[in-house]
Each structure stands twice: as C-alpha cells, then as structure tokens.
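S.K.: Dropping a structure here in structure tokens format, bear with me for questions.
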Amino acid sequence: MAISLTSAGSQTDASNRAYTLLKYTFGLVPIVAGLDKFTNLLTDWSTYLSPAVKGALPFAPSTFMMIVGAIEITAGILVLSRYTRYAAYIVAAWLALIAANLLMAGRYDVAVRDLVMAITAIALGELAKERP
C-alpha cells in the first residue's frame, strides 16, 4: 500500500496551517516587540545597536528604538491585514537590516536567528501568493 503525499486536500491543508501559523507569528511578534521598544520590559533594545549605527544617529538611541518600534508595529499590522503577501517581504527586508546591524555589533548568534526569521518571512510571502 503506497502512501501519497499529494492526496486530495492534504497539501492544501498543510499549506493553510503553515500560512496561518506564519501569518500570526509575523503579525503578533513584531507588534509585541515594537510595543516593547517603548517600555523596555523585555530588554534594553538600544544595547542591540551597533556602535556605527549609534554614532550615525542625530538623536538618542532610545528615540531611534521608538521609531523602530513604530515601524515594527506597522509591519505586524500589515501582515495581519489583507496585505500579507506584500508585508511578509517588508518584514523579511526589515529582519535582514536588523541582522546586518547585529553583525556589525558582533552579536552573531542573534543575527543568525534574525536571518533565519527573514527567510521564514519570505516563505510566508510565497504561501500568501497562493491566496486569493
């Protein structure tokens, strides 16, 4: 007896589950992280800025992190909206920029994590292309 991986509905069901998990992950996590840029309850986000970025800022790192937070909240909302297909690529680009900053700061472990998340956000964008 052969088991088919493409039996009726199974790929679609798996695709729908993956899409839903990724959509809510890349919608809610940026919103939570963005809100935390204003409170620093989870961490002091300005410590993640590379010296090069800190030196180039025309204002305090905490102000920059609030701007980052607002962008993250907006990106999360867009992912949760009907614009998931496009927002996923925005999130992927954003995560790649964060990873570049982290590489400059010598935080290689976190940079790798953010690069993997960027690739996963691209996967969400690809899954979203299948949606009407």
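S.K.: Mind telling me which of the residues V110, V116, V91 ends up being modelled with pLDDT under 95 and part of a helix (DSSP H, G or I)?
M.R.: Among V110, V116, V91, only V110 is modelled with pLDDT under 95 and part of a helix (DSSP H, G or I).
S.K.: Still on this structure, please answer the following. May I ask you to list the residues in the range 38-67 that are touching a Ser or Thr at 6+ places or on another chain (Cβ under 9 Å) and assigned to a helix (DSSP H, G or I)?
M.R.: Correct list: W45, S46, K54, P61, S62, F64, M65.
S.K.: Of L80, L127, L115, which residue is among the aliphatic types (A, V, I, L, M), within 29 Å of N16 (Cα to Cα) and within 11 Å of the chain's Cα centre (by Cα)?
M.R.: None of the other options fit; the residue is L115.
S.K.: Then there's this: For R131, are the conditions met, namely being farther than 26 Å from S50 by Cβ, assigned to a helix (DSSP H, G or I) and touching a residue at least 40 places away in the same chain (Cβ under 8 Å)?
M.R.: When the stated conditions are applied, R131 does not pass them.
S.K.: So is L95 surrounded by fewer than 17 Cβ atoms within 10 Å (Cβ to Cβ), in contact with a helix residue (DSSP H, G or I) (Cβ under 9 Å, 6 or more places away or on another chain) and among the hydrophobic types (A, V, I, L, M, F, W, C) or not?
M.R.: So L95 fails the test.
The values are calculated or read from the model by the stated rules, or taken from the named source; none is laboratory data. Predicted model, so just to flag it, every value in this text is computed and none were measured. Neighbour counts are summed over all protein chains in view; Cβ atoms, including those assigned to glycine, are modelled from backbone coordinates with ideal geometry.
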